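Asks: Okay, handing you the structure first.
The numbers here are math on the coordinates, done by the rules we state, and not lab data. In this text, all values refer to a predicted model and were calculated from it rather than measured experimentally. Every residue, glycine among them, receives a Cβ derived from its backbone with ideal geometry; neighbour counts consider all protein chains shown.
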Amino acid sequence: MDIILIPLLSLISSVIGLYTWIVIIHVIMSWLVSFNIINTGNQFVALINNFLYAATEPVLHRIRRILPNMSGLDLSPLVLIFSLMFLSNVMARLIAKMM
């Protein structure tokens, strides 16, 4: 059982880490677009922005429905990153316990 479970948990932990970076990049990119540092008129920038939006918005939208309105301050990425860090730590402890 451990032969399959340990690599599976490692893969899930890696995917969680990758998704955490996608959320961080999405937040930074949204700031850069908001402050007009990068232009979404550029096709490559628009492509990356659309991918990041499509990858993160379904989860962030669910979190936004739960969080109270903070008058323009969006804390949903922070909540998502903390949740992903918690899940990653749980996965790491499970892997360490099985070894």
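Asks: In deg cm²/dmol and to the nearest 500, what is the mean residue ellipticity at 222 nm of the chain if only DSSP H runs of at least 4 residues count, each as -39500 (n - 2.57), divided by the residue total?
Replies: -29000 deg cm²/dmol
Asks: Starting from the stretch 1-75, pick out the chymotrypsin sites (Phe, Trp or Tyr not before Pro) whose DSSP state is loop and whose Cβ has at most 15 other Cβ atoms within 10 Å. Walk me through the numbers on the way to the answer.
Replies: Values: sites: Tyr19, Trp21, Trp31, Phe35, Phe44, Phe51, Tyr53; in loops: Phe35.
Here the sparse-neighbourhood loop sites are Phe35.
Asks: Which residues' amide hydrogens lie under 5 Å from the amide hydrogen of Asp74, considering only partners 5 or more residues apart or on another chain, with H built in the peptide plane?
Replies: When sequence neighbours closer than 5 places are left aside, there are no close amide H contacts.
Asks: Continuing with this model, one more query. Considering amide H positions built from the backbone, and no H for Pro or chain starts, which residues 5 or more places from Ile38, or on another chain, come under 5 Å of its amide H?
Replies: Residues meeting the amide H criterion: Val33.
Asks: Sticking with this structure for a sec: What's the whole-number percent of alpha carbon pairs in the stretch 2-98 lying beyond 23 angstrom? Let's see the in-between values first.
Replies: Working: 1808 of 4656 pairs.
So the portion of pairs separated by more than 23 Å is 39 percent.
Asks: So, one more: Just to be sure I understand the rule: take each whole DSSP H helix in the chain, project its Cα atoms onto its long axis, keep it if the span is 20 Å or more and its mean Kyte-Doolittle hydropathy is at least 1.0. Which ones pass?
Replies: Working: long enough: 2-34 (47 Å, 1.98); 43-66 (34 Å, 0.42); 76-98 (33 Å, 1.54).
Long hydrophobic helices here: 2-34, 76-98.
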